[in-house]
1. Just for the stretch 49-100: of the residues that are open to solvent by 10 Å² or more (accessible area, probe 1.4 Å) and hydrophobic (A, V, I, L, M, F, W, C), which one is nearest to Q142 (Cα to Cα)?
2. Filter the stretch 206-250 for residues that are loosely packed, with under 15 Cβ neighbours inside 10 Å and closer than 21 Å to D83 by Cα and give the result.
3. Do any residues in the stretch 12-39 that are farther than 15 Å from Y217 by Cα and without any contact (Cβ under 8 Å) to a residue 24 or more places away in the chain have Cβ atoms under 9 Å from those of residues that are of a type in the set (A, V, I, L, M, F, W, C) and open to solvent by 50 Å² or more (accessible area, probe 1.4 Å), where the two are at least six apart or on different chains, and which pairs are they?
4. Give the residues of the stretch 191-205 that are open to solvent by 40 Å² or more (accessible area, probe 1.4 Å) and acidic (D, E), sorted by residue number.
5. Which residues, taken from the stretch 243-302, are charged (D, E, K, R) and not in a helix (DSSP H, G or I)?
6. Looking at T94, is it β-branched (V, I, T), at pLDDT below 95 and in contact with a Gly (Cβ under 9 Å, 6 or more places away or on another chain)?
7. Please go through the stretch 1-20 and give me each residue that is part of a helix (DSSP H, G or I) and at pLDDT 85 or above, ordered by number.
8. May I ask you to say which residue of A178, A241 is modelled with pLDDT of 95 or more and of a type in the set (G, A, S)?
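The values are calculated or read from the model by the stated rules, or taken from the named source; none is laboratory data. The model shown is predicted, which means the values in this text are computed figures rather than measured ones. Every residue, glycine among them, receives a Cβ derived from its backbone with ideal geometry; neighbour counts consider all protein chains shown. All accessible areas refer to the heavy atoms of the entire protein, side chains included, with ligands and DNA or RNA removed. Shrake-Rupley method; radii C 1.70, N 1.55, O 1.52, S 1.80 Å.
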Amino acid sequence: MALISKQFWQWKEHTRKSMTRATQQREPGETALIRGRATYYQLDEKSELPLLICIHGWTTASYVWEPLRPRLQHKGYRVLTYDLFGRGFSDRPTADHTAEFFVRQLNDLLEHLKLNDQPFSVVGYSMGGAIAARFASERLHQIERLLLIAPAGMKVRSEWMRKVLRKNPRLLSPHVLALLPPVLRRTFRKEAAPYQHDPLVRKVVACQLRELEYRGYLPSLLSSLNGVLSSKMEKEHRTIARSGIPIRAIFAENDTTIPSKDARRLFDRWHGPGKSTIIADAGHGVPYTHRKAVMTAAQGFL
């Protein structure tokens, strides 16, 4: 079975499109070529405004911030969004997708943009919440505030299964890679189904489905599952809590990707009460399905 899955997966991956420089250059943003790897980003021009860095999640890319971007700009921020490696219009390097790997990407991008020495605020969504926690814990002197939306890094789901997968990659990885596309398509559509009247939600789903057309996306997801998403960020959160950096977390009541009750309980234990909130009747797609509620929850913080 493993051999059949591997052959099927390799054939399907070969039929997918490559993320080329020409494709990247057709997009409205910019591409930073650093260490031979391209990172796609969009940065507002108003350099006099305070910088807000937005880090997206596991299966999305920077397009997930488009429904929120105008609202964040209205708060008076210069917004920086970018695609993590393996997603969107950034390159798909073969690497271990650990928290350190993604923090290095962000550090390199800030250095390239000559923004490395200034203060900034950070918003992290889903897996981006775990990356944001690691990044903030290493840059305490520059972080003005940290907002986490449905963040990973509290509790590792199905931890024993992750360990089995990491120990038997040749046997199990082909099965996971072959099964991911139908599972993801179903998940993307189910998350957005109640909001099909909203054109911004439909656009996000279309972008999610587009990701599946490109080579390197699925291996990146698997590498992240075995990397940053298999890491608990308790140490980083406790470091942030001791530093006194203003922090808030927004959870979604019906989130099954980051179960809100368990995640919020751990966040409150690490940071103390009064620094988290929960949005009713929202799932994991909360930044784009409930963008108004997110901004209401962040009122007085951003």
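1. Per the criteria, the residue is L49.
2. A206, L209, R210, E213
3. R21/L33
4. Within the stretch 191-205, E191 is the sole residue that qualifies.
5. Those that are charged (D, E, K, R) and not in a helix (DSSP H, G or I): R248, E253, D255, K275, D281.
6. Yes; evaluated as a whole, the condition is true for this residue.
7. Selection gives T15 alone.
8. A241
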